[in-house]
Amino acid sequence: MNLPHLRLLEAESIHILREVAAEFQRPVMLYSIGKDSSVMLRLAQKAFFPGRIPFPLLHVDTGYKFHEMIEFRDKLTAELGLNLIVHRNEPAIAQGAHPSILGTQRCCQLLKTQSLLDALREGGFDAAFGGARRDEEKSRAKERIYSFRDTHGQWEPRAQRPELWNLYNSRIHPGESIRVFPLSNWTETDIWHYIHVESIPIVPLYYAKERDAVVDLRGGIRLAEAAPGEPAVRVKCRMRSLGCSPCTGAIRSEADTLPKIIDELLTFRRSERENRVIDHDTEGSMEIKKREGYF
Amino acid sequence: MTEIITLAHPANVPGATAEKGLLRMLTCGSVDDGKSTLIGRLLYDSRSVYEDQVQSIAKSTVNRAGAGLLDLSLLTDGLRAEREQGITIDVAYRYFSTAKRKFILADTPGHEQFTRNMATGASTADLAIILIDARHGVLPQSRRHAQICALLGIRQVTVAINKMDLAGYSESRYEEIRSEFATILDGLGFHNPYFLPVSALAGDNVVTKGTKMPWFDGPALLEYLETVEVESSAAEFRMPVQLVVRPDLHFRGYAGQIASGTVRKGDAVEVWPGGKHTTIARIVTYDGDLAEATAPQSVTLVLEHELDVARGSLIAAAGRAPIAARRFRADIVWMQERPLDGTHMWVIKHGTRLVRARLIRLVDRLDIATLTRGSASATNLGLNDIGLAEFEAVSPLHFDPYSTNRSMGAIVLIDPETNATAGAGMIRSAVESTFRPVTAAEREGRFGHNAAVVRLNGRHSLASRLERRIFDRGGVATVRDHASVDLLEALDAAGLIVILVEEAGPAWASDDGTACEQILKELFVDHGLESGEAI
Ligand SMILES: Nc1nc2c(ncn2[C@@H]2O[C@H](COP(=O)(O)OP(=O)(O)O)[C@@H](O)[C@H]2O)c(=O)[nH]1
């Protein structure tokens with residue numbers, strides 16, 4: 001109770017990162033370039049200091065990531081001397097997979113879920129860290145910190161293990177794997193506060209700036225090429241969460257500093273994934289993706 | 001309809017919010033007591049839900065709250081399958097915060113599997129909110145909830161007597177339930193339970209006090225939760241080592257999360273197993289060295305001496321050793337179908353160690369229906385059973401009793417065949433493993449001498465003087481004129497000295513004082529003396 005809540009969350013996350021590094025053969029950290037990944041990366045630096053992070057980073061690149069994200073990724077990993085693996089589902093990308101052609105579900109399935117499962121299998125990874133938080137979405141509220149996947153990388157809600165105290169059960173059979181969520185107990189606000197107090201670098205797209213954008217049919221704005229009938233505008237805006245350019249909207253905002261972002265967040269009335277097209281397809285759609293192996 | 005009740009905007013300036021406290025809680029109630037509604041109300045009224053989430057519950061085809069009312073219970077309804085069945089079946093974690101505190105709330109269902117789920121939620125909670133439906137009063141289930149909270153070491157309990165709107169906001173009804181349940185909680189050792197009457201549906205006494213119950217003068221639930229002091233345990237310093245950090249030849253540190261207590265640079269510590277002594281040379285973190293660190297911080301310790309330290313070692317305050325035992329007793333909550341019995345080995349996770357162990361016996365089983373312990377005939381524990389069990393591990397565990405140190409007394413049992421988390425345990429005490437026969441060396445340790453027979457050639461004055469000197473040095477002798485072989489064997493087995501006055505033996509110095517010294521020197525100094533050998 002005496003330590004401030006961010007330090008308690010930090011201590012808990014570091015404990016989790018170390019447990020996995022100690023008990024698994026081949027861990028890997030899913031690095032999505034977003035704010036949660038940035039926090040997770042900093043926590044990993046802390047966990048193994050003064051040693052190096054003892055596992056590689058894996059970025060599943062759909063080919064639709066904003067160029068600011070890729071530039072940020074390459075600069076940061078070079079500066080920190082990190083071992084980065086980039087994985088793309090090249091056959092699907094070559095065939096022109098796009099949400100407007102395949103629909104968002106199928107597109108995500110190919111470029112994200114399939115690509116991720118392939119990368120994990122090719123790397124022989126038995127544990128993969130992800131930056132998901134339980135407060136992100138209702139179906140995540142019951143997600144464990146160690147989330148078990150069968151030999152096909154799939155998630156079965158009823159096969160999940162109870163987690164007591166900080167005693168994680170890391171025993172798996174050959175071919176099985178786990179996803180680990182060290183940020184489970186963090187909220188979006190905690191993430192931003194931590195980025196602020198720790199001065200963690202983040203992709204510039206999170207800061208409001210005058211940008212060229214298009215207004216889509218639902219009235220939202222996107223930083224992408226205009227589809228027929230979508231007017232181009234120049235508007236001060238920023239991204240609240242980073243995804244693929246066709247499916248992630250920007251928000252009109254004046255928040256060009258971290259304190260302003262936090263202030264804006266505290267007055268926000270809409271959840272952060274609301275600007276993602278994928279979660280709205282059907283009620284509970286996130287859970288269907290999880291069963292298939294999506295993060 | 002979707003307009004969020006606007007509360008005074010919390011003074012959330014970025015710097016200030018980084019200094020919030022954290023309270024981990026658990027809610028328990030029977031099905032339909034209004035748990036989901038209460039949590040929904042806390043989230044909604046503390047502005048921890050977003051407008052689009054509210055819109056989606058407003059659009060939902062399910063609404064059990066009544067026409068024109070938002071069904072806030074839907075805000076916390078989890079997985080799709082459960083939504084369809086209209087039930088919740090697992091532990092879900094909710095987050096909300098105010099200007100003063102961040103709250104992590106474990107939400108557990110109130111029906112079957114409730115023991116397993118409640119134990120899981122309770123393991124990390126500092127405080128439990130127990131819901132009671134004012135119409136039904138104290139149910140057997142309410143007692144069970146309190147019992148499991150007590151077992152899992154939660155010290156702080158808040159009792160929300162809900163649906164007061166359906167009980168006419170009656171003070172006498174509230175008092176009736178309060179006094180009945182207070183007696184039960186008292187029996188379970190809860191110190192200052194906080195009782196309050198609420199209506200989760202209408203919002204009375206949840207976030208704001210409301211006007212319906214002017215007879216109640218305590219703070220509303222949220223205000224109470226924001227200010228309640230949670231006892232922090234004053235346990236000794238302990239840190240189980242997670243991994244050895246060794247980036248180069250010049251640095252060797254031990255990374256771990258402090259399980260209890262505080263450690264300072266320069267502190268004397270011992271490393272278990274073994275108990276080797278050393279001091280803390282540095283407390284290393286990414287943000288710089290610390291002068292001191294306290295539970296539950298994650299740090300890396302550098303020790304003064306090169307010792308054999310690895311994952312699974314325990315660094316503990318010097319002179320404050322944990323209990324070391326292969327055999328121990330623990331309260332067990334069983335969590336899987338395959339029962340706990342003595343037919344095979346289980347894997348125990350304790351701190352950062354994995355140790356194999358076998359069930360030796362079940363001491364008793366808690367009957368969750370009657371809340372009585374008993375049934376000596378019990379030979380196994382099934383899913384959701386609770387019992388007290390004795391285990392024998394293949395190597396000693398270094399623990400503190402759960403009642404004084406939660407992190408050092410907690411264990412998880414793993415089924416080595418399926419790898420499932422099979423049970424949770426709260427260690428009570430060590431059990432003496434076997435009766436070791438008393439050895440001649442132990443007797444010598446106590447008396448300072450071995451068994452011996454001293455023959456004095458008829459010198460009675462020397463005999464009593466000698467007995468006095470032996471006695472004063474902590475030894476035990478008996479003076480006899482002569483003795484049978486049986487008696488001599490018995491006294492020899494007991495490790496005693498027999499002084500035989502009338503029997504012929506070596507010639508001692510003629511002066512009694514000198515003779516005494518001569519004999520004592522033989523008895524107490526010369527350990528080469530074989531037991532029972534005559535002098
Ligand atoms: N009148 C009244 N109804 C309530 C109150 N709290 C909950 N309910 C209703 O009781 C039912 C069960 O509530 P719910 O929150 O789902 O209970 P849970 O099973 O404990 O999570 C629902 O129809 C709620 O609308 C209350 O304070 N007053």
Legend entry - For the range B:119-155, residues shielded by at least 30 square angstrom of accessible area compared with the chain on its own, probe 1.4 Å: B:120, B:123
Inset, instruction - With everything on Cα atoms, drop me the angle between helix B:114-123 and the longest principal axis of chain B, reported from 0 to 90° to the nearest 10. - result: 70 degrees
Legend entry - Cβ-Cβ FRET estimate between residue B:371 and residue B:232, R0 fixed at 41 Å, reported to 0.05: 0.90
Legend entry - the range A:91-184: proportion of alpha-carbon pairs further apart than 19 angstrom, %: 50 percent
Legend entry - Cβ charges +1 (Lys, Arg) and -1 (Asp, Glu), total dipole of chain B, debye: 920 debye
Legend entry - Proximal lysines to residue B:276, defined as alpha-carbon separation beneath 25 angstrom and excluding residues fewer than eight positions away on the same chain: B:265, B:349
Inset, instruction - Could you work out the mean projected area of the convex hull around the alpha carbons of the protein assembly as shown, in square nanometres to one decimal? - result: 44.3 nm²
Legend entry - Under DSSP loop assignment and at most 14 Cβ neighbours within 10 Å, longest chymotrypsin sites (Phe, Trp or Tyr not before Pro)-free interval of chain B: B:1-214
Inset, instruction - Under 1.5 on a/c is rounded, so check that first for chain B, then, if it is not, pick prolate when a/b is larger than b/c and oblate when it is not; a ≥ b ≥ c are the square roots of the alpha carbon gyration tensor eigenvalues. - result: prolate
Inset, instruction - Evaluate the charge dipole of the range B:257-321 about its Cα centre and quote only its size in Debye, nearest 20, assuming +1 on the Cβ of each Lys and Arg and -1 on the Cβ of each Asp and Glu. - result: 140 debye
Legend entry - Cut-off 12 Å between beta-carbons: net charge of the residues surrounding residue B:29, Lys and Arg +1, Asp and Glu -1: -1
Inset, instruction - Pop the C-beta distance of residue B:471 and residue B:432 into the FRET formula with R0 = 22 Å and round what comes out to the nearest 0.05. - result: 0.10
Inset, instruction - For every other residue with a beta carbon closer than 13 angstrom to the beta carbon of residue B:261, add +1 if it is Lys or Arg and -1 if Asp or Glu, then tell me the sum. - result: 0
Legend entry - Protein heavy-atom accessible area occluded, A/B pair - total, 1.4 Å probe, Å²: 6700 Å²
Inset, instruction - Using only Cα positions of the range B:234-312, each an equal point scatterer, no hydration layer, compute I(q)/I(0) via Debye at q = 0.15, 0.27 Å⁻¹ and quote the log10 values to two decimals. - result: -0.45, -1.66
Legend entry - Euclidean distance between Cα centres, the range B:311-379 to the range B:447-504, Å: 50 Å
Inset, instruction - Treat each spin label as a single point 7 Å out from the Cα along the C-beta direction, and report the residue A:230 to residue B:217 distance in nm. - result: 6.3 nm
Legend entry - Residues of the protein assembly as shown: accessible area per residue with a 1.4 Å probe, Å²: 41 Å²
Inset, instruction - Working from the alpha-carbon coordinates of chain A, get Rg over Rh, Rh being the Kirkwood radius. - result: 0.94
Inset, instruction - Only helical DSSP H runs with n ≥ 4 go in: add -39500 (n - 2.57) per run for chain A, normalise by residue count and round the 222 nm mean residue ellipticity to 500 deg cm²/dmol. - result: -10000 deg cm²/dmol
Inset, instruction - Kindly state, to the nearest 0.05, the FRET efficiency for residue A:154 paired with residue A:87, given R0 = 25 Å and r defined as their beta-carbon distance. - result: 0.85
Inset, instruction - Before rounding to the nearest 500, sum -39500 (n - 2.57) across all DSSP H runs of length at least 4 in chain B and divide by the residue total; then give [θ] at 222 nm in deg cm²/dmol. - result: -6500 deg cm²/dmol
Inset, instruction - Pull up the cross-link candidates among the lysines for residue A:236, meaning alpha carbon to alpha carbon under 25 Å and not fewer than 8 places away within one chain. - result: A:35, A:65, A:209, A:260
Inset, instruction - Please identify, among A:104, A:62, A:151, the residue showing maximal mean-square fluctuation in a Gaussian network model of chain A using a 10 angstrom Cα cutoff. - result: A:151
Legend entry - Carbon plus sulfur fraction of accessible area for the protein assembly as shown, probe 1.4 Å, in percent: 51 percent
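The values are calculated or read from the model by the stated rules, or taken from the named source; none is laboratory data. Just so we're clear, the structure is a prediction, and the values are computed from it rather than from any experiment. Neighbour counts run over all protein chains shown; Cβ positions are idealised from the backbone, glycine included. These accessible areas exclude ligands, DNA and RNA; they are computed on the full protein's heavy atoms, side chains included. Shrake-Rupley method; radii C 1.70, N 1.55, O 1.52, S 1.80 Å.
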